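Below: the structure, in structure tokens.
The values are calculated or read from the model by the stated rules, or taken from the named source; none is laboratory data. Since the structure is predicted, the reported quantities are computational estimates derived from the model, not experimental observations. Because the Cβ atoms are built from the backbone with ideal geometry, glycine has one as well, and the counts that use them run over all protein chains shown. Only protein heavy atoms, including side chains, enter the accessible area calculation; ligands, DNA and RNA are left aside. Shrake-Rupley method; radii C 1.70, N 1.55, O 1.52, S 1.80 Å.
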Amino acid sequence: MGEGYAKHHLVPFGEYVPFRGWLPIERLTAGLGDFTPGPGLRTLALPGVPLVAVAICYEVIFPSHVVDDLFRPDWIFNATNDAWFGTSIGPEQHLASARMRAVEEGLPVIRAANTGISAVIDANGEIVARLDTGETGIINASLPSARPPSLYASFGDWMLLVLILASWSWAMAANATARYRRMRNTVMQRCG
């Protein structure tokens, strides 16, 4: 269990410049130098609360990169500043990503946004409570229960590969069956 958490998915051109040695571009945000990414996923054991995974800002958009599989948390905390979205649909999209992580992992997500949408999301992706963009307030809601790990939480993107292979196998079997039936019908017609 980690002692703390450091963001490990940094924002390109905002928190670091990719290919800095080759690109004559500076960061788009104020400050000198690049940030250094943290070591990766961690489950935090904080006094008085169930085990928690942390996703800072847009880290919550990455499937299978929010929860430490070795120490499964009981919930996910997403702290974010969505001011850079302005008045666009961005805060809704960011919230939708957090809802997807809840469903994929079978874990509730508590989202705190200083400018954006704060919400309590249950393990089914349903919004239990919400403060919209521009609203100031406190959400007073119980932490929803976690579900057992979903298939995606257990197997990740391998599930997609299995579905693709199963689809190809089904299509090849259906094609072979159709060719066999056409050939059989042709033979039956010729033999009278």
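One line per residue, one yes/no per condition, for (1) assigned to a helix (DSSP H, G or I); (2) more than 21 Å from Tyr5 (Cβ to Cβ); (3) open to solvent by 20 Å² or more (accessible area, probe 1.4 Å):
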position	(1), (2), (3)
Leu46	no, no, yes
Val49	no, no, yes
Ala55	no, no, no
Val67	no, no, no
Arg72	no, no, yes
Pro91	yes, yes, no
Ala102	yes, no, no
(request) Sort through Glu126, Glu135 and tell me the only one that's modelled with pLDDT of 95 or more and surrounded by fewer than 16 Cβ atoms within 10 Å (Cβ to Cβ). (result) Glu126
(request) Within segment 74-89, count every residue that is in a loop (DSSP other than H, G, I, E, B) and either loosely packed, with under 15 Cβ neighbours inside 10 Å or touching a Gly at 6+ places or on another chain (Cβ under 9 Å) (or both). (result) 6
(message) Only one of Tyr152, Tyr180 is in contact (Cβ under 8 Å) with a residue 12 or more places away in the chain and of a type in the set (Phe, Trp, Tyr). Can you tell me which?
(response) Tyr152
(message) Condition check: closer than 16 Å to Ala146 by Cα, part of a helix (DSSP H, G or I), of a type outside the set (Ser, Thr, Tyr) and under 18 Å from the mean Cα position of the chain (by Cα). Does Ala96 satisfy that?
(response) no
(request) Would you check if Glu126 is under 26 Å from Leu41 (Cα atoms) and acidic (Asp, Glu)? (result) yes
